[in-house]
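Report on the following structure.
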Amino acid sequence: MDYWKKVEEEISLTQENTTAYSATTWGLLRETITHYAEAFPLAKPIEEPKAAPARMGLVSQNFNSLKVAVDLAMRGYYIQSIILLRNVYENWLAFWYLAKFPDEADLWLDPRWDRRPPSAETMKNNIDHPTSEAKSKLHGLKQELDRFAHTDPVAVLSRLRTFKGQTVVSVGVEYPAMDFDVCAYSILLWSGNMLDAISSWIPSTHDWNKKYQLISDKILEFIKNYDKN
């Protein structure tokens with residue numbers, strides 16, 4: 001048996017099922033990532049010279065990560081998709097950290113190992129949060145992402161199935177709608193955070209921001225509906 005071909009066939013079937021049975025969610029993911037891409041030619045950072053390329057680089061890197069996260073989720077690689085969001089989280093922290101401390105941009109522009117950016121915890125504790133509750137919620141999100149980025153029972157339990165009374169290990173990919181929705185929830189949450197970040201560089205009267213508000217409302221509706229279930 002050609003196992004590579006078999007896995008590729010499973011991927012193709014998973015993509016077909018996801019497109020067919022999670023069409024609305026897939027459409028929102030695609031709309032969100034597309035709108036993210038459309039922001040780049042419009043963005044006009046006004047920071048001091050070093051902070052601007054550093055922050056834009058973080059936004060660009062997160063675009064790539066979120067796009068790949070969607071691609072992986074569509075192909076059935078749900079755990080791998082969420083793993084990418086741990087880096088998205090840290091880059092999002094760095095984006096707002098540099099807004100407050102632009103003089104530290106060199107830490108992201110100098111590749112020497114003896115000059116490293118601050119830890120995620122340090123950045124989280126030093127950026128501005130609207131409320132202490134928001135800061136606490138951010139900590140909870142980070143802990144949840146850590147479960148996927150590090151070894152954890154979720155890595156094993158997601159691969160186990162029961163067949164004729166026996167526990168078996170699943171290999172390859174398939175389409176459980178619930179697993180896809182978990183990925184979509186996480187990707188949309190962080191895509192929304194990044195759209196919010198880059199929107200600060202685009203005039204509020206521009207059509208991009210008007211559409212951003214519509215997409216943001218759709219993301220919030222998806223998240224609220226998911227949290228109810």
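The values are calculated or read from the model by the stated rules, or taken from the named source; none is laboratory data. This is a predicted model, so every value here is computed, not measured. Because the Cβ atoms are built from the backbone with ideal geometry, glycine has one as well, and the counts that use them run over all protein chains shown.
One residue alone among D110, D71 is of a type outside the set (K, R) and either crowded, with 16+ Cβ neighbours inside 10 Å or farther than 25 Å from H150 by Cα (or both), and that residue is D110. For the range 46-84, the set of residues classified as without any contact (Cβ under 8 Å) to a residue 12 or more places away in the chain and closer than 23 Å to L160 by Cα consists of Q80 only. Name the residues in the range 116-151 that are at pLDDT below 85 and either assigned to a loop (DSSP other than H, G, I, E, B) or polar (S, T, N, Q) (or both), would you? Matches in the range 116-151: D128, H129, P130, T131, S132, S136, Q143, H150. For the range 85-100, a residue qualifies if it is of a type in the set (D, E, K, R), free of Cβ contacts under 8 Å to residues at least 60 places away in the same chain and either touching a helix residue (DSSP H, G or I) at 6+ places or on another chain (Cβ under 6 Å) or over 21 Å from E48 (Cβ atoms) (or both), and exactly one does: E90. Condition check: surrounded by fewer than 16 Cβ atoms within 10 Å (Cβ to Cβ) and among the acidic types (D, E). Does E47 satisfy that? Against the criterion (surrounded by fewer than 16 Cβ atoms within 10 Å (Cβ to Cβ) and among the acidic types (D, E)), E47 does not qualify. Among the residues of the range 152-175, those that are part of a loop (DSSP other than H, G, I, E, B) and either charged (D, E, K, R) or exposed (fewer than 13 other Cβ atoms within 10 Å of the Cβ) (or both) comprise D152, R159, K164, G165, S170, V171, E174.
Yes/no per residue for (1) under 18 Å from W208 (Cα atoms); (2) more than 21 Å from the chain's Cα centre (by Cα); (3) of a type outside the set (A, V, I, L, M); (4) at pLDDT 95 or above:
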| position | (1), (2), (3), (4) |
| --- | --- |
| L28 | yes, no, no, yes |
| T32 | yes, no, yes, yes |
| A37 | yes, no, no, yes |
| F40 | yes, no, yes, yes |
| K44 | yes, yes, yes, no |
| E47 | no, yes, yes, no |
| K50 | no, yes, yes, no |
| G57 | no, no, yes, yes |
| N64 | no, no, yes, yes |
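Checking A99 against (1) out of contact with any Ser or Thr (no Cβ under 6 Å at 6 or more places or on another chain); (2) part of a loop (DSSP other than H, G, I, E, B); (3) of a type in the set (G, A, S): exactly one of these is not met. Which one? Of (1) out of contact with any Ser or Thr (no Cβ under 6 Å at 6 or more places or on another chain); (2) part of a loop (DSSP other than H, G, I, E, B); (3) of a type in the set (G, A, S), only one is false for A99: (2).
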